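The values are calculated or read from the model by the stated rules, or taken from the named source; none is laboratory data. Keep in mind that this is a model prediction, so the values were computed, not measured. All Cβ positions, glycine included, derive from the backbone under ideal geometry; neighbour counts span all protein chains shown.
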Amino acid sequence: MKVVVIGGTGLIGAKLVGLLQQAGHVVVAASPSRGVDAVSGQGLAQALAQAEVVVDVANAPSFEDQPVLDFFRSATRNLLAEAARAGVQHYVALSVVGTERLLEGGYFRAKLVQEELIQAAGLPHTILRATQFYEFLASIAAASVVEGVARLSPAAFQPVAASDVSAALADIVNGRQALGLIELGGPERRPMVDLVQEYLTAQGDSRPVVSDPAARYFGIALNDASLVPDMGARLGPTHFADWLRSH
């Protein structure tokens with residue numbers, strides 16, 4: 001089966017490409033660096049020719065409100081149109097748990113537009129909403145620092161390993177069945193401030209960490225429902241302590 005992975009050279013995409021190749025699929029790792037640009041449409045027709053599945057794991061180069069909206073709107077419209085022309089049988093996209101609860105942030109407003117375009121297009125589809133990745137804890141910590149102190153919300157947090165996200169996407173492709181909207185989280189639910197403290201300690205980072213209920217997540221107010229999946233979500237198997245030891 002031919003599978004096109006949009007964003008196939010990134011953190012999730014590169015792992016996914018390897019898993020799909022191991023499963024015996026013909027895989028195209030599509031990205032601007034390889035001549036396929038979903039935003040402009042360049043190379044899409046050639047990449048998607050005779051494809052049965054498209055998996056979109058691409059991310060925007062800018063998280064500013066208008067550029068990120070323009071990215072996801074243009075890329076998704078182009079991908080859906082070309083997928084329909086090519087007769088793609090399953091359109092898979094990666095999104096974010098809590099998207100509809102995080103609309104203070106422009107990135108999440110853009111992801112919701114992406115989801116709505118996919119749902120309205122009429123193609124068999126699966127949207128996998130994943131929680132934040134362990135791999136982004138450094139960025140979360142850095143964004144929280146004010147005058148040398150990391151101020152983080154105690155809100156519930158359930159991050160997942162990037163490798164578990166790629167594995168879940170590979171399972172969706174291999175299952176050959178459109179599932180609609182589904183969720184994936186990590187195996188542990190803990191306060192965000194505790195996980196970031198543990199991460200920084202493991203990295204030898206001695207900056208003080210403070211629990212602050214008013215602290216924002218990239219400008220977004222949080223509560224215990226903001227960043228965690230609903231009951232019944234798939235859970236990745238990699239525990240945080242195991243991930244830390246391997247990184």
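What the table shows:
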{"item": "Neighbours by Cβ (under 9 Å, 6+ apart or cross-chain): first from region 163-186, on the phi > 0 side of the Ramachandran plot; second in a helix (DSSP H, G or I)", "result": "Gly180/Gln119"}
{"item": "Among (1) at pLDDT 95 or above; (2) surrounded by fewer than 16 Cβ atoms within 10 Å (Cβ to Cβ), the one test that Ser206 misses", "result": "(1)"}
{"item": "Residue within region 144-154 that is touching a Phe, Trp or Tyr at 6+ places or on another chain (Cβ under 8 Å) and not hydrophobic (A, V, I, L, M, F, W, C) present", "result": "yes"}
{"item": "First in region 100-114 and touching a residue at least 60 places away in the same chain (Cβ under 8 Å), second anywhere and surrounded by 22 or more Cβ atoms within 10 Å (Cβ to Cβ) and part of a helix (DSSP H, G or I), Cβ under 7 Å, 6 or more apart", "result": "Tyr107/Val68"}
{"item": "Residues of region 5-25 that turn out to be among the aliphatic types (A, V, I, L, M), outside any helix (DSSP H, G or I) and touching a residue at least 60 places away in the same chain (Cβ under 8 Å), as a count", "result": "2"}
{"item": "Residue within region 122-136 that is hydrophobic (A, V, I, L, M, F, W, C) and more than 18 Å from the chain's Cα centre (by Cα) present", "result": "yes"}
{"item": "Yes/no for Leu222 being in contact (Cβ under 8 Å) with a residue 24 or more places away in the chain, within 20 Å of the chain's Cα centre (by Cα) and under 30 Å from Gly122 (Cβ atoms)", "result": "no"}
{"item": "All positions within region 56-80 that are closer than 20 Å to Val173 by Cβ, in a loop (DSSP other than H, G, I, E, B) and hydrophobic (A, V, I, L, M, F, W, C)", "result": "Val57, Ala58"}
{"item": "The lone exception for Arg101 - which of (1) under 30 Å from Ser206 (Cβ atoms); (2) more than 15 Å from the chain's Cα centre (by Cα) it fails", "result": "(1)"}
{"item": "Pairs where the first residue, in region 56-85, is farther than 14 Å from Val36 by Cβ and the second is exposed (fewer than 15 other Cβ atoms within 10 Å of the Cβ) and small (Gly, Ala, Ser), C-beta under 7 Å, 6+ apart", "result": "Val68/Ser62"}
{"item": "Pick from region 141-161, criterion surrounded by fewer than 21 Cβ atoms within 10 Å (Cβ to Cβ) and at pLDDT 95 or above, ranking: farthest from Glu188 (Cα to Cα)", "result": "Arg151"}
{"item": "Test: Ala178 is closer than 28 Å to Lys15 by Cα and either at pLDDT below 95 or not hydroxyl-bearing (Ser, Thr, Tyr) (or both)", "result": "yes"}
{"item": "Residues within region 182-207 that are farther than 16 Å from Val228 by Cβ, out of contact with any Leu (no Cβ under 8 Å at 6 or more places or on another chain) and not polar (S, T, N, Q), tallied", "result": "3"}
{"item": "Residue tally, condition aliphatic (A, V, I, L, M) and touching a Phe, Trp or Tyr at 6+ places or on another chain (Cβ under 6 Å), over region 196-247", "result": "1"}
{"item": "Residues (of a type in the set (Gly, Ala, Ser), surrounded by 18 or more Cβ atoms within 10 Å (Cβ to Cβ) and closer than 17 Å to Glu82 by Cα) located in region 1-42", "result": "Gly7, Ala29, Ala30, Ser31, Ala38"}
